[in-house]
Amino acid sequence: MEKTDILSLPYDELIEYVQNRGEKAFRGKQLYQWMHQHLAESFDAMQNLPKSFKEGLDRDCNYHILKSVDLQISQLDGTRKYLFELADGNMVEAVLMHYKHGDSVCISSQVGCKMGCRFCASTLDGWLRNLTPAEMLGQVYSIQRDIWKSMGLTKAPSIGSEEYTNSRISNLVVMGTGEPLDNYENLLTFIRMLTDEHGLNLSQRSITVSTCGLVPKIKALGEEKLGITLALSLHAPNQQKRQELMPIARTYEIHEVVDALREYQNTTGRRVSFEYSLVAGVNDSDGDARELSELIGDIHGHVNLIPVNPIKERDFKSPSHQAAVAFQKKLENCGINVTIRREMGRDIDGACGQLRRRHIHP
């Protein structure tokens, strides 16, 4: 009999599952709290649950805690890049970044990626499978446990305590390996569980989901009326250049994608953002800045300029700081809200997919 992926069950489904096992609903609530608030690493660690109940869960359920197989810590800013092993032996990356406003975590949504963006290491070995809600939550939970351990805590602090407030992950971005909207249903379950009041209860407004531009999924996501921020990986000011950098542009033309983002904003009332990787000599000219301003100038949003993080498999180069600032100024002069993203973990395998690929191809 196939085991139940219990960490992927939303609160209501878990209560129903526990009741179908002949237990009272309050046992389901206790179980959910142990898994999603206390972040217990095994059923055995769930102290107030009956032994027979825990033994049955251990027999019938998968409760896999991600194994950290590599950790790189930046000497420049303390950024921590994790490589986690999944139950089937596949590996995914996640990153913890420290900012003045709190700790931000970036997670992966797939094992590999099928989108083929030319400047990204994640796609070089292709796509293997989607991550389950449990595997996406597992990245967050593993990093949250690591934060607690770094504070000398041997268990989760009490909910609402000063220790809990000061150590809690404050922001999440789904921008690691994979295209989140290509794993749509699991992504929605993950977001709802992470923001559930019975779990870590992260604010939806603290979550950003990135997409390379799957138009039907952008429209569907807008109808969900979530409070998250949607970030479009744009990376080019026109169709020709976007198509050269991002194969998805052959399916969804650039104006169609931007129109879908306008629709998303009108439907949800949420600001949107644009990710724009600056590649020297490719998309960083005065003309590129002018075209980009004309393309998105009427949208209430924000542009993140990201000097490309070079990977050895491609010959793309990052522009100089002066060139990046000049591009930023050109956009600002056109009324665009824009910043150059602070480069975190530049001295480690910072580009998405680099650490995993180094383990696959030592």
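Only the coordinates and a few stated rules stand behind these numbers; no lab work does. Bear in mind that the values here come from a model prediction, so they are computed numbers and not experimental data. So basically every Cβ, Gly included, is an ideal-geometry build from the backbone, and we count neighbours across all protein chains shown.
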Exercise. Roughly what angle does helix 51-60 make with the longest principal axis of the chain, taking Cα atoms, 0 to 90 degrees, to the nearest 10?
Worked result: 50 degrees
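Where Rh is the Kirkwood radius over the Cα pairs of segment 225-326, the temperature 25 °C and the viscosity 0.890 mPa s, what D in µm²/s does Stokes-Einstein return?
On the way: Rh = 14.4 Å.
In µm²/s, the coefficient is 171.
Would you kindly calculate the translational diffusion coefficient of the chain, applying Stokes-Einstein with the Kirkwood radius from alpha carbon pairs, for 37 °C and a viscosity of 0.692 mPa s, and quote it in µm² s⁻¹ without decimals?
Working: Rh = 21.5 Å.
Translational diffusion coefficient: 152 µm²/s.
Full-extension gain between residue 24 and residue 321, please, as 0.36 nm times their residue separation minus the C-alpha to C-alpha distance.
On the way: separation 297, 0.36 × 297 = 106.92 nm, distance 6.09 nm.
Extra length available between residue 24 and residue 321 comes to 100.8 nm.
Which value, in nm² and rounded to one decimal, describes the direction-averaged projected area of the C-alpha convex hull of segment 132-190?
Numbers: hull surface 18.6 nm².
Averaged projected hull area, Cα only: 4.6 nm².
Let me have the 222 nm mean residue ellipticity of the chain computed from DSSP H runs of 4+ only, each contributing -39500 (n - 2.57), with the sum over all residues rounded to the nearest 500.
Numbers: 12 runs with 129 residues, N = 362.
Helix-only estimate at 222 nm: -10500 deg cm²/dmol.
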Exercise. Between 21, 270, 250, which gets the highest mean-square fluctuation from a Gaussian network model of the chain, Cα cutoff 10 Å?
Worked result: 21
Exercise. Within straight cross-link reach of residue 219, meaning Cα distance under 18 Å, which aspartates and glutamates are found once same-chain residues fewer than 8 apart are removed?
Worked result: 179, 182, 185, 253, 256, 259, 263
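Grab the beta carbon distance between residue 158 and residue 219, set R0 = 35 Å, and tell me the FRET efficiency rounded to 0.05.
Working: r = 42 Å, r/R0 = 1.21.
Efficiency computed from Cβ-Cβ geometry: 0.25.
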Problem set entry | Binned Cα-Cα distance frequencies in segment 4-62 - 10 Å width, integer % | 24, 68, 8
For this session: Could you state the angle between the C-alpha long axis of helix 286-296 and the longest principal axis of the C-alpha atoms of the chain, as a value from 0 to 90 degrees rounded to the nearest 10?
Result: 50 degrees
Problem set entry | Listed peptides 172-180, 237-245 by packing density, highest first (mean Cβ within 10 Å) | 172-180, 237-245
For this session: Please identify, among 59, 145, 341, the residue showing maximal mean-square fluctuation in a Gaussian network model of the chain using a 10 angstrom Cα cutoff.
Result: 59
For this session: Tell me which residues come under 5 Å, amide H to amide H, from residue 61 once H is placed; ignore anything under 5 positions away on its chain.
Result: 4
Seminar exercise, completed: Note to self: C-alpha centroids of segment 21-91 and segment 118-149 sit apart, in Å, by 15 Å
Exercise. Hey, quick one: spin label on residue 267, modelled 7 Å out along Cα-Cβ, who in segment 216-252 has an amide N within reach, i.e. under 18 Å?
Worked result: 216-233, 252
Problem set entry | Highest-fluctuation residue, 235, 198, 36 considered, GNM on the chain with Cα pairs under 10 Å | 198
For this session: Quick one: of 3/67; 54/100; 29/217; 29/155, which pairs are farther than 29 Å apart, Cα to Cα?
Result: 54/100; 29/217
